[in-house]
Amino acid sequence: MAEPNTASAPLKEVQIEALVVMRIIKHSTSAFPTPATGCLLGMDVADNIGTQLQVTNCFPFPAAAPDQPPAQQEQQYYQQPTDAATLAAGAPRAKSNVAYQSEMIKYLREVNVDAQSVGWYISTSMGNFVNQNFIENQFFYQKVTDEKTVALVFDVGRSSAGSFSLKAYRLSPSFMASYREGKFNTEAIQKSNLRYQDILVELPLQIHNSHLLTSFLHQLPQPPPTKNALDFPSSIADLTHDPNISSNPLAPNLDHLDLSIDPFMEKTCDLLLDSIEAHQTEQNNAQYYQRSLAREQTKIQAWQAKRKQENQLRGQQKQPLLDENEWTKLFKLPQEPSRLESMLVGRQVEQYARQVDGFSAVVSGKMFGVRGTMLPGDIA
């Protein structure tokens, strides 16, 4: 039986160990609100359907300055204190961290730990991660032919509310081809038929535990009940602070019974409005370019018509003709701005819209669940 071709098999899913998830959570929460980045290690296992990427280890990246001359680095360091977030977001592709990653992988290989780089991770808040830094980092890992790497995005803000948020992304093949060429003008986008929905591809993610650990979790010792199990709680606070419930890590989370509107809905809507304003700004820049281009083309056409008339008159007078292509030296057409930022903002707007849809679905389900007892006249 022939073995599957691991070089051409596409990624079908990502499997991550629970210990790696805990390390990512610890690093992200300790570094919040600064983005936390790190390297993922593991292996890829191929079958007849596709390739499963198994993440078995990770380590954080130290904060590193971008690759630029020392004079510019010093000027940027003293410019504003918020540059720490920019430096942390660009750490995976910094030259110093590339050497640091190679050194760490060498040490891990010496102790017989999985030492194959399978991607990187980054922490974010409220799904705000679709930007130029994220695209450049993932392109840095994904630009090698037949590679198998992913980007894990951990949402600290959403996870703090009790809803764990960890997703795996890759750049789509169509976007990779356009990004290699570096052309994001109107003509190139229309030719490649690239849309903002085609920038990222989300992969299924599953958390893996060994059978021994799973058995241990289901056999955790429980403290003996301190009161009669048939006693009814006097309030919701008794349910929340009941040691028989709160001490069990596998018990349902009682916070999900809260009927208040999701507190992250308002923040997400504010971020959505900011992204829409940024998208409108990009559209205004594109419209300004079109108006400037139309004005310059009108001037060029008027100049060419005048030069043609002059040449006709000089031809009748048997004088040497003037150069009709001299307009290239006299006029300068405006350069079309890149539409990449507009596409990234559009993808970020879609990300916020999906979050609002998820928040509203949970709240609507709760409201419909208690509708019968909240309306007057429905209680018998």
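Just so it is clear, none of the values below were taken in a lab; they were calculated from the coordinates. Computed from a predicted model, the values in this text were never measured in an experiment. Every residue, glycine as well, gets a Cβ built from its backbone with ideal geometry; the counts of neighbours run over all protein chains shown.
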Between ALA99 and ILE207, Cβ-based FRET efficiency (R0 25 Å, step 0.05) works out to 0.20
Between SER364 and VAL45, what length comes free when the chain is fully extended (0.36 nm per residue of separation minus the Cα-Cα distance, one decimal in nm)? 110.7 nm
Kirkwood Rh over Cα pairs of the range 263-374 into Stokes-Einstein at 37 °C, 0.692 mPa s: D in µm²/s? 171 µm²/s
Place a +1 charge on the Cβ of each Lys and Arg in the range 289-357 and a -1 charge on the Cβ of each Asp and Glu, then give the dipole magnitude about the Cα centre in debye, rounded to the nearest 20. 380 debye
Mean Cβ count within 10 Å, highest first, over the residues of peptides 26-34, 124-132, 53-61, 283-291: 53-61, 124-132, 26-34, 283-291
Label ILE300 and GLN287 with points 7 Å out from Cα along Cα→Cβ: what is the distance between them in nm? 2.4 nm
Work out, step by step, the length gained on full extension between LEU217 and GLU324: first 0.36 nm times the residue separation, then minus their alpha carbon distance; give nm to one decimal. 30.2 nm
Just to verify a number: FRET efficiency for THR186 and PHE140, C-beta to C-beta distance, R0 = 25 Å, to 0.05? 0.40
Can you put CYS39, CYS269 in order, fewest other beta carbons within 10 Å first? CYS269, CYS39
